[in-house]
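> Structure provided below as structure tokens; questions to follow.
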Amino acid sequence: MVKRPRVVVVGGGPAGIFAALKLAKYAQVTLLEKSKNIGGSGLYSDGKINFHPQIGGDISDFVSMDEAWMIVRELEKIFKEFGVEGEYPSDQIEMLLRKATSSDIKFIPAKLAHVGSDCLPDLMKKFQKRLEDDGVEIKFQESVVDLRCEREKVAAVITKNGEVPCDFVLLCPGRSGSFWLREMAEKHNFTFRHNYIDIGVRVEFSSKVMDEITIDNKIWDPKFHIITPSYDGFVRTFCSNPRGFVTKEAYGKGLLGVNGHAMKNIHSENSNFALLNRVNLTHPQEDTTQYGESIVKLANILGGGKPLLQRLGDLRKHKRSHWESIKKSNIVPTLKDVTPGDLSMVLPHRIVVNIIEALEMLDKVMPGVASNSTLLYAPEVKFYSMRVNVDSNLKTNLDNLYVAGDGAGLSRGINGAAETGMLAAFGIIEKIKGE
Ligand SMILES: Cc1cc2nc3c(=O)[nH]c(=O)nc-3n(C[C@H](O)[C@H](O)[C@H](O)COP(=O)(O)OP(=O)(O)OC[C@H]3O[C@@H](n4cnc5c(N)ncnc54)[C@H](O)[C@@H]3O)c2cc1C
């Protein structure tokens with residue numbers, strides 16, 4: 001029997017899982033995952049899966065729009081095999097498009113599936129079984145610490161238990177592994193560039209404000225893009241959680257921020273979304289990761305190691321929030337392990353202005369979202385600010401090294417990560433077939 005090439009996939013999040021599913025037929029695949037289960041940060045999300053190539057990243061950066069849609073259809077097909085189906089938003093979408101357009105806001109409609117954070121662990125077990133049935137060797141609690149490179153190729157990945165030799169490597173360590181990935185790039189000379197960074201807040205408000213859009217019209221995760229009047233800044237809504245909860249998120253290096261999730265069967269009185277402000281930096285400080293880290297550090301210092309919480313009414317009046325003023329709000333925070341504070345002591349002026357203006361514009365589409373009671377948690381920073389340089393198959397400048405997912409700066413959502421995982425797998429398969 002011909003020996004099949006050995007592919008090592010690092011990271012068992014959506015990028016690694018979907019890559020391994022595709023590769024299993026053509027290669028001997030080993031999936032190395034540092035935690036005890038697959039799913040990655042996707043496992044801690046509530047699993048809102050957008051079936052659109054330009055949401056959760058933009059795979060049309062690498063392939064034509066037609067090919068991008070083919071990959072999205074493939075993703076839908078695989079999820080359907082696991083009982084997860086997307087729904088088109090209701091007919092009311094036209095009305096929302098009109099409302100958004102007349103308020104100078106861009107709205108991007110997409111087919112969406114909502115798994116629910118309470119149902120995700122079972123779904124991941126089914127994915128794990130499929131991978132194992134297909135012959136993928138999954139090694140848990142196996143943290144990859146380094147690579148061994150020989151003549152512009154990766155010869156093996158190194159874990160604390162030893163070396164795993166390979167013909168191809170696909171690195172998809174997610175956002176929590178992006179600092180490590182950068183270290184690897186610097187050490188082994190695969191090139192990267194600084195990406196933009198998204199810095200903002202988690203906005204929490206009464207679910208009544210968003211129910212018409214999310215529950216009545218089934219647009220679970222509405223994507224609004226806003227250009228703010230004062231700074232011409234780009235601000236977008238991200239990761240909406242109807243009747244959901246705000247959570248803490250560890251960014252690595254001891255840094256702490258916020259995020260949100262919603263469950264299928266357990267609901268809160270509130271809804272939340274991230275409101276993210278895009279920041280690009282130019283000479284002499286192009287490193288957006290350093291910039292983002294310093295903002296998170298400052299927020300963590302001021303919050304005494306906890307995220308900050310401020311009432312929008314207090315922010316408008318240039319006042320720090322205290323628990324007394326939070327109690328005056330009609331909204332009871334779903335995340336209580338926070339420090340009431342003043343976001344303008346932490347976020348640069350243009351970001352604060354952009355956030356307030358974006359909320360005021362959004363208020364025309366979702367009346368009530370910019371009320372004084374609205375709660376703002378900070379910091380919420382998306383560290384996909386390093387982008388590995390890749391070709392259209394997501395191959396780096398090293399001959400057999402591929403990358404995918406959020407950690408490499410190529411995606412920013414479950415669907416985008418899974419799509420880039422498949423794209424990298426197709427690139428590896430093409431090489432295997434050609435050899
Ligand atoms: C609370 C929360 C809610 C979210 N909600 C949504 C949502 O509803 N919809 C959506 O589209 N997106 C959501 N996201 C984002 C989504 O989860 C990510 O975009 C997606 O999981 C990225 O996939 P990935 O495979 O690139 O990385 P990850 O999912 O982060 O997976 C990376 C994996 O690699 C492992 N790893 C890292 N370093 C190493 C190493 N050195 N060796 C071995 N293993 C390693 C990690 O343990 C992890 O399992 C949410 C994220 C969070 C945190």
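> Just give me the residues in segment 275-309 being closer than 22 Å to Lys336 by Cβ and crowded, with 23+ Cβ neighbours inside 10 Å, in sequence order. Even if it seems obvious, please write down each step before you answer.
Quick first cut of segment 275-309, residues closer than 22 Å to Lys336 by Cβ only: 275, 296, 299-309.
Correct list: Leu275, Val296, Ala299, Pro307, Leu308, Leu309.
> Name the residues in segment 47-58 that are closer than 15 Å to Gly86 by Cβ and either in contact with a helix residue (DSSP H, G or I) (Cβ under 6 Å, 6 or more places away or on another chain) or within 7 Å of the ligand (Cβ to nearest atom) (or both), would you?
Gly47, Lys48, Ile49, Asn50, Phe51, Pro53, Gly56
> Restricting attention to segment 214-225, which residues are β-branched (Val, Ile, Thr) and surrounded by 24 or more Cβ atoms within 10 Å (Cβ to Cβ)? Steps first, answer last, please.
Filtering segment 214-225 for residues β-branched (Val, Ile, Thr) gives 214-215, 219.
Result: Thr214, Ile219.
> Sticking with this one: For segment 211-234, enumerate the residues that are farther than 22 Å from Ile356 by Cβ, part of a helix (DSSP H, G or I) and in contact with a Ser or Thr (Cβ under 9 Å, 6 or more places away or on another chain).
Asp211, Thr214, Ile215, Asp216
> Between a first residue in segment 37-62 that is over 16 Å from Leu123 (Cβ atoms) and in a helix (DSSP H, G or I) and a second residue that is within 11 Å of the ligand (Cβ to nearest atom) and charged (D, E, K, R), which pairs have beta carbons less than 9 Å apart while being 6 or more apart in sequence or on different chains?
Matching pairs, first to second residue: Ile59/Glu419.
> Hey, does segment 238-247 have a residue that's more than 10 Å from the ligand (Cβ to nearest atom), outside any loop (DSSP other than H, G, I, E, B) and in contact with a strand residue (DSSP E or B) (Cβ under 8 Å, 6 or more places away or on another chain)?
Going through segment 238-247, the residues more than 10 Å from the ligand (Cβ to nearest atom) turn out to be 242-243.
Cutting the leftovers down to outside any loop (DSSP other than H, G, I, E, B) gives us none.
Looking for residues that are more than 10 Å from the ligand (Cβ to nearest atom), outside any loop (DSSP other than H, G, I, E, B) and in contact with a strand residue (DSSP E or B) (Cβ under 8 Å, 6 or more places away or on another chain), one finds none in segment 238-247, hence no.
> Moving on to the next point. Does Met422 meet the test of being of a type outside the set (Gly, Ala, Ser), crowded, with 20+ Cβ neighbours inside 10 Å and touching an Asp or Glu at 6+ places or on another chain (Cβ under 8 Å)?
So Met422 fits the description; yes.
> So, one more: Go through segment 412-430 and give me each residue that's closer than 16 Å to Val169 by Cβ and either within 12 Å of the ligand (Cβ to nearest atom) or not assigned by TED's automatic domain parsing to the domain that holds Ser45 (or both).
Result: Thr420, Gly421, Ala424.
> For segment 14-34, check the following and say yes or no: at least one residue is over 21 Å from the mean Cα position of the chain (by Cα), of a type in the set (Val, Ile, Thr), more than 8 Å from the ligand (Cβ to nearest atom) and buried (at least 24 other Cβ atoms within 10 Å of the Cβ).
The answer is yes, given that some residue of segment 14-34 is over 21 Å from the mean Cα position of the chain (by Cα), of a type in the set (Val, Ile, Thr), more than 8 Å from the ligand (Cβ to nearest atom) and buried (at least 24 other Cβ atoms within 10 Å of the Cβ).
> Follow-up. Based on what the data block shows, is Ile59 under 16 Å from Trp220 (Cβ atoms) and under 20 Å from the mean Cα position of the chain (by Cα)?
For Ile59, the condition - under 16 Å from Trp220 (Cβ atoms) and under 20 Å from the mean Cα position of the chain (by Cα) - is not met.
> Taking the conditions exactly as written (surrounded by 20 or more Cβ atoms within 10 Å (Cβ to Cβ), farther than 27 Å from Leu112 by Cβ and of a type in the set (Phe, Trp, Tyr)), does Tyr377 satisfy them or not?
no
> What is the number of the single condition among (1) within 16 Å of the ligand (Cβ to nearest atom); (2) assigned to a strand (DSSP E or B); (3) touching a Ser or Thr at 6+ places or on another chain (Cβ under 9 Å) that His267 does not meet?
(2)
The values are calculated or read from the model by the stated rules, or taken from the named source; none is laboratory data. Being a predicted model, the structure only gives us computed values, none of them experimental. Virtual Cβ from ideal backbone geometry, glycine too; neighbours counted across all protein chains shown.
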